[in-house]
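Visitor: Just dropping this structure here.
The values are calculated or read from the model by the stated rules, or taken from the named source; none is laboratory data. Computed from a predicted structure; not experimentally measured. Positions of Cβ are generated from backbone atoms using ideal geometry, with glycine treated the same way; all protein chains shown enter the neighbour counts. Side chains are part of the model used for accessible areas, which takes the heavy atoms of the whole protein and leaves out ligands, DNA and RNA. Shrake-Rupley method; radii C 1.70, N 1.55, O 1.52, S 1.80 Å.
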Amino acid sequence: QKKKLLEELGENKLPYVTPADADFHQLWKTKYSKLIFGTSDMIPEELHQMVQEGFLTLRKHDCFFQDLVRIKERDFLTPVSRILIGNPGCTYKYLNTRLFTVPWPTEGYDINYCSPEIRDACKALIRLNDYLHVEAVKALQGQNLFETKEIKDTGVIDSEHNFATSLTEKESVSKDQSSCEPEDDYRSLKNRTSYNLTLLNYMDPLQMLYLKQEPYFGMGNMAVSWHHDENLVERSTVAVYSYSCEGSAVEESNEPKPKGRDPAVWHVGLKVAWDIETPGVAIPLHQGDFYLMLDDLNMTHQHCVLAGFSPRFSSTHRVADCSRGTLEYIFGRCELALQNLQTDSESKALSLKSLEIAVVKQVEEIHNEVEFEWLRQFWFQGKRYLKCTDWWLKPMAKLEEFWRKMEIMTRLLLSEVRKKEQIKEQRNETINCFLLVLAERQRLRKEWTAR
């Protein structure tokens, strides 16, 4: 799609606007109204201070890491350094790389941090998480009621209205009419804004030898290319808090200035996915600003991050789809697989309870899942988490123990299918099913060894 779009454009660039342009507000209202922007003065000063100190602490302790991601069978280091913080036992997968949360302080969990400073940083981020959750619920309530109200009264927003006050205005509508909100709708809004983790990003553009140029609009240097966020609960909100260390970078540059945006200032860019009719938007991000991508915006639109001159941190709060990405889930899968292993009460010899095709297939697929989605993903980049906490070591040791038992089950199955007394058709069927999973295991082991 990207290639086709660039061929169609040729040497031309698509138009885009910023909040400084006269037609920005009309475009935002009609094509980008599910992007909600909040200025730093909307967040309590004490929270800013805690979060910004937390960022600097994590940076001081070298807790930000470039991820080795896999795109089209090739590995790339991300230009942005990251760390995942969130609910204990949660993971987040993007571009074939699984990140494991540094757990934020959570009641009922014993979390051993490497220093009290790191604990305080994680505590600050759960406070920010709670704050952004409340803002996102209000914004979604406001959006729903605002759209209803706007149908009745097309003059609700004046074209001169300031974009940055959009959140406040929508909230006031939601406060006026929140009693009308049906209980199920409210629960749905709450679920779609209950962030279970935040992916923190850090980048100093002046330390980067090369940054990609934005290809469609000529917006300048990109820190993060155009994308949809992956692995999220459908229609869930993404909330982003931005902290650019302004005043610490060279403000002058000999680079040609892209039309429309100040290259010294970080921006978020948005466009309608694979559309060349609708102009894009670039919105400046100053110290302590935040924005919300509501409802299905992440699916219908793509976004990118345009680099300024100064170093920048961001905290991107998500409702990750953890249906297959929590410790609870993978331990449950292991227990299901190990139900097929039995121990003789007298000889203590191990054997398989069932050789049914469906059972064999399920056990061997779980075996692959534990090895390639968890153990290898963790140890591939996992030692770096020890700079923050040793929390993952015990669960990983438990998973390795389960994996060893599954290796025994594979060997037991091999010896069973070698026995001559088995019925030929049944034996062949078992072998055919088993070989597919084993071949996949072999292929993935070679791939991971190469990585």
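Visitor: Would you mind checking the tilt of helix 357-368 against the longest principal axis of the Cα atoms of the chain, expressed as 0 to 90 degrees and rounded to 10?
Guide: 60
Visitor: Here's something else I'd like to know. Using the Karplus curve 6.51 cos²θ - 1.76 cosθ + 1.60 with θ = phi - 60°, what ³J(HN,Hα) values do you get for each residue of region 4-19, in whole Hz, with x for Gly and Pro?
Guide: 4, 5, 5, 5, 5, 6, x, 8, 6, 10, 7, x, 9, 10, 10, x
Visitor: Averaged per residue, what accessible area in Å² does the chain show with a 1.4 Å probe, protein chains only?
Guide: Working: 22340 Å² over 451 residues.
Counting only protein heavy atoms, the per-residue value for the chain is 50 Å².
Visitor: Restricting to DSSP H runs of at least four residues, report the calculated mean residue ellipticity at 222 nm for the chain, -39500 (n - 2.57) per run over all residues, nearest 500 deg cm²/dmol.
Guide: Working: 12 runs with 177 residues, N = 451.
Counting only the DSSP helices, I get -13000 deg cm²/dmol.
Visitor: Roughly speaking, what is the stretch gain from residue 117 to residue 425, that is 0.36 nm per residue apart minus the C-alpha to C-alpha distance, in nm to one decimal? Mind dumping the intermediate values first?
Guide: Working: separation 308, 0.36 × 308 = 110.88 nm, distance 6.37 nm.
Full extension from residue 117 to residue 425 adds 104.5 nm.
Visitor: Would you mind calculating the gained length between residue 328 and residue 442 on full extension (0.36 nm times residue separation, minus the Cα-Cα distance), in nm to one decimal? The partial results should precede the final answer.
Guide: Numbers: separation 114, 0.36 × 114 = 41.04 nm, distance 2.70 nm.
Result for the pair: 38.3 nm of gain on full extension.
Visitor: How much of residue 109 can a 1.4 Å solvent probe reach, expressed as accessible area in Å² and rounded to 10?
Guide: 110
Visitor: Shifting gears a bit: Which one, (i) 82, 54, 41; (ii) 84, 53, 47; (iii) 84, 61, 38, gives Cα extents along the principal axes in Å as derived from the coordinates shown?
Guide: Answer by label: (ii).
Visitor: Spin-label point model (7 Å from Cα, Cβ direction): what's the residue 6 to residue 20 distance in nm?
Guide: Roughly 2.9 nm, to one decimal.
Visitor: Mind listing which GluC sites (Glu not before Pro) in region 266-369 are in a DSSP loop and have 15 or fewer other Cβ atoms within 10 Å?
Guide: On the way: sites: 277, 328, 335, 346, 356, 364, 365, 369; in loops: 277, 346, 356.
For GluC sites (Glu not before Pro) across region 266-369 that sit outside H, G, I, E and B with at most 15 neighbouring Cβ atoms in 10 Å, the list reads 277, 346, 356.
Visitor: Using heavy-atom solvent-accessible surface (probe 1.4 Å) with all chains present, what is the largest-first order of 65, 217, 380?
Guide: Working: 65 30, 217 10, 380 55 Å².
Greatest to least solvent exposure: 380, 65, 217.
Visitor: So how much slack lies between residue 451 and residue 207, counting 0.36 nm per residue of separation and subtracting their Cα-Cα distance, in nm? Let's see the in-between values first.
Guide: Values: separation 244, 0.36 × 244 = 87.84 nm, distance 2.61 nm.
Length difference between fully extended and current span is 85.2 nm.
Visitor: Next question, about the same structure. Along region 130-137, what does the Karplus equation 6.51 cos²θ - 1.76 cosθ + 1.60 (θ = phi - 60°) give for ³J(HN,Hα), rounded to whole Hz, x for Gly and Pro?
Guide: Karplus-based 3J(HN,Hα) across region 130-137 equals 4, 4, 5, 4, 4, 4, 5, 4 Hz.
Visitor: Starting from the Cα of residue 62, step 7 Å along the direction of its Cβ; do the same at residue 287; then give the gap between the two resulting points in nm.
Guide: 2.8
Visitor: Give the carbon-plus-sulfur fraction of the accessible surface of the chain in %, rounded to a whole number; probe 1.4 Å, heavy atoms of protein chains only. Working shown, then result.
Guide: Working: 11320 of 22340 Å².
For the chain, the apolar C and S fraction of the accessible surface comes to 51 percent.
Visitor: Something else about it: In nanometres, what is the gap between the two model label sites at residue 71 and residue 321, each 7 Å from Cα along Cα-to-Cβ?
Guide: 2.1
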